[in-house]
Amino acid sequence: MIEQGPIRPPSESKSLLLRLTRNCPWNKCLFCPVYKETAFSRRSVAEIKSEIDEIGEIIEDIQRISKKLGFGGKITATVISHIYPSGDRALIYRQIAHWLYFGEGSVFLQDANSLIMRPEDLAEILHYLRETIPGIRRITSYARSRTLARRTLEQLVMLREAGLDRIHIGMESGYDPVLSFMQKGSTAAEHVKAGCLVKEASISLSEYVMPGLGGKLWWREHALATADVLNQINADFIRLRSLRVPKSAPLSEKIETGEMELLDDDGVVREIRLFIEHLDGITSTLASDHIMNLLEEISGTLPEDKGKMLAVADRYLALPEKERLIYKVGRWGGAYRSLDDLEDSVLRAKIESVIHQWNVDEAGQVDEMIKEMADQYI
Ligand code: SF4
């Protein structure tokens, strides 16, 4: 049976998932609930290759269905609607059919840190994957900075030549006290070393940053030091994923005991503004492509779009309090995607009516209602 892990980056939503290791070998980050009740384990090269064979067979089977229906092997919505395998394989058949239908040819290697594999084993898998599955155009994976910092340039070049196109690193912060408090298990210096190695090996690099992670105490230092680290790396992509803390994350206890005080949404926007202001001398593309971000439209390529991105934050922060409240309720309620949506009179009337029905009389209660709405996406 083909295994799949629980998560992938939002930008890999149309990717075929291939699980090389199970769960997270570190598993200590306080803000992260994903693998907490699970143990890390490795999969053998033979086991992974047999799974790649199985995926190849499913692709052939789906193409046979397409030919039988007269579509010549092309995967259309009609073909997908005719795929009804039974039992355990139903889901994987449909996932692979959708992968063929979208035609992006991207594969994401799970779980949290595929680079922990012996580089020679990983290279063997990459070669086998590209030889066995036709139409692959991009292979990407998550990796930890500490693991990457222990690899040599030659090893990373070997992986790129074997077909690894992009690495997603959960950098989160470039400020050591935040990294240490959060038990991230990587330092700012390791982030710089890992990121520069990946770039030097000509592998595309995506760095995830977590606005809000410094809380009220360290928000400035977190913004400034993270910008500084990224200025030294010049990653291809900087991706924002604002902090939200589910009950299952160990960080929720620290919040309850007062060891950490969270920023509110407006504070996070101020922090993001400061962070972007200090990104300098780089050509990275910044994306806010995660549902946890209040201002999804903060995106663009540096340096030319810096002013545009700062203007989005400024526009939001300059709104009267009531407008910011309407925007937050619209965004976390799933109705708004940009500040221009505030102009939509029909949506606005619905949101105002929701706020009116809350019937709350204290500002703190409103914040609690908004937090509940936003937390539904965790
Ligand atoms: S390294 Fe990544 S997956 Fe592992 S605990 Fe930290 S954030 Fe979670």
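The values are calculated or read from the model by the stated rules, or taken from the named source; none is laboratory data. This one's a predicted model, so the numbers in the text were calculated from it and none came from an experiment. Heads up, the Cβs are rebuilt from the backbone with ideal geometry, glycines too, and the neighbour counts pull from every protein chain shown. For the accessible areas, the whole protein counts, side chains as well, though only heavy atoms, and no ligand, DNA or RNA atoms are used. Shrake-Rupley method; radii C 1.70, N 1.55, O 1.52, S 1.80 Å.
Take the conditions of a type in the set (G, A, S), in contact with a Cys (Cβ under 9 Å, 6 or more places away or on another chain) and in the same structural domain as C32 (by TED's automatic domain parsing) and apply them to G87. Does it pass? Here the answer is no, as G87 does not meet what is asked. Considering segment 185-204, and only residues there that are surrounded by 24 or more Cβ atoms within 10 Å (Cβ to Cβ) and touching a Lys or Arg at 6+ places or on another chain (Cβ under 8 Å), the residue that is farthest from R150 (Cα to Cα) turns out to be S186.
Select from segment 219-258 the residues that are out of contact with any Leu (no Cβ under 9 Å at 6 or more places or on another chain) and in a loop (DSSP other than H, G, I, E, B) and write down the one among them that is most open to solvent (accessible area, probe 1.4 Å). Residue satisfying both the conditions and the ranking: K247.
Of all residues in segment 86-114, those that are assigned to a helix (DSSP H, G or I), of a type in the set (G, A, S) and more than 16 Å from the ligand (Cβ to nearest atom) total 2. Residues in segment 168-202 that are outside any strand (DSSP E or B) and either of a type in the set (D, E) or outside the structural domain of I116 (by TED's automatic domain parsing) (or both): D176, E190, E200. A Cβ distance below 6 Å, combined with a sequence gap of six or more or placement on separate chains, defines the contacts here; from segment 110-126, residues that are in the same structural domain as Q155 (by TED's automatic domain parsing) and small (G, A, S) reach residues that are within 16 Å of the ligand (Cβ to nearest atom) and at pLDDT 95 or above in the pairs A112/C24; A112/Y142; S114/L20; S114/S141.
Check whether at least one residue in segment 54-71 is open to solvent by 40 Å² or more (accessible area, probe 1.4 Å), within 16 Å of the ligand (Cβ to nearest atom) and either on the phi < 0 side of the Ramachandran plot or of a type in the set (D, E, K, R) (or both), and report yes or no. No, segment 54-71 contains no residue that is open to solvent by 40 Å² or more (accessible area, probe 1.4 Å), within 16 Å of the ligand (Cβ to nearest atom) and either on the phi < 0 side of the Ramachandran plot or of a type in the set (D, E, K, R) (or both).
The residue of segment 35-48 that is nearest to the ligand (Cβ to nearest atom), among those that are part of a helix (DSSP H, G or I) and surrounded by fewer than 16 Cβ atoms within 10 Å (Cβ to Cβ), is E47. Of the listed requirements (1) within 11 Å of the ligand (Cβ to nearest atom); (2) open to solvent by 10 Å² or more (accessible area, probe 1.4 Å), M171 misses just one: (2).
Is it fair to say D165 is open to solvent by 50 Å² or more (accessible area, probe 1.4 Å) and either under 20 Å from the mean Cα position of the chain (by Cα) or not assigned by TED's automatic domain parsing to the domain that holds C24 (or both)? So that I can check it myself, show each step before the final result.
Details: open to solvent by 50 Å² or more (accessible area, probe 1.4 Å): yes; either under 20 Å from the mean Cα position of the chain (by Cα) or not assigned by TED's automatic domain parsing to the domain that holds C24 (or both): yes.
Yes, satisfied.
Take segment 336-378 and flag every residue that is at pLDDT 90 or above and not in a helix (DSSP H, G or I). Across segment 336-378, the qualifying residues are Y336, R337, S338, D344. For segment 12-34, the set of residues classified as part of a loop (DSSP other than H, G, I, E, B) and out of contact with any helix residue (DSSP H, G or I) (no Cβ under 6 Å at 6 or more places or on another chain) consists of S13, S15, N23, C24, W26, N27, K28, C29, C32, P33, V34, listed by residue number.
One line per residue, one yes/no per condition, for (1) small (G, A, S); (2) in contact with a helix residue (DSSP H, G or I) (Cβ under 8 Å, 6 or more places away or on another chain); (3) open to solvent by 40 Å² or more (accessible area, probe 1.4 Å):
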{"residue": "V269", "(1), (2), (3)": "no, yes, no"}
{"residue": "L274", "(1), (2), (3)": "no, yes, no"}
{"residue": "H278", "(1), (2), (3)": "no, yes, yes"}
{"residue": "Y327", "(1), (2), (3)": "no, yes, no"}
{"residue": "G330", "(1), (2), (3)": "yes, yes, no"}
{"residue": "L347", "(1), (2), (3)": "no, yes, yes"}
{"residue": "I355", "(1), (2), (3)": "no, yes, no"}
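Scan segment 62-85 for residues that are modelled with pLDDT of 90 or more and part of a loop (DSSP other than H, G, I, E, B) and the total you get is 8. Within this structure, E51 passes the test of being in a helix (DSSP H, G or I) and either exposed (fewer than 14 other Cβ atoms within 10 Å of the Cβ) or more than 12 Å from the ligand (Cβ to nearest atom) (or both).
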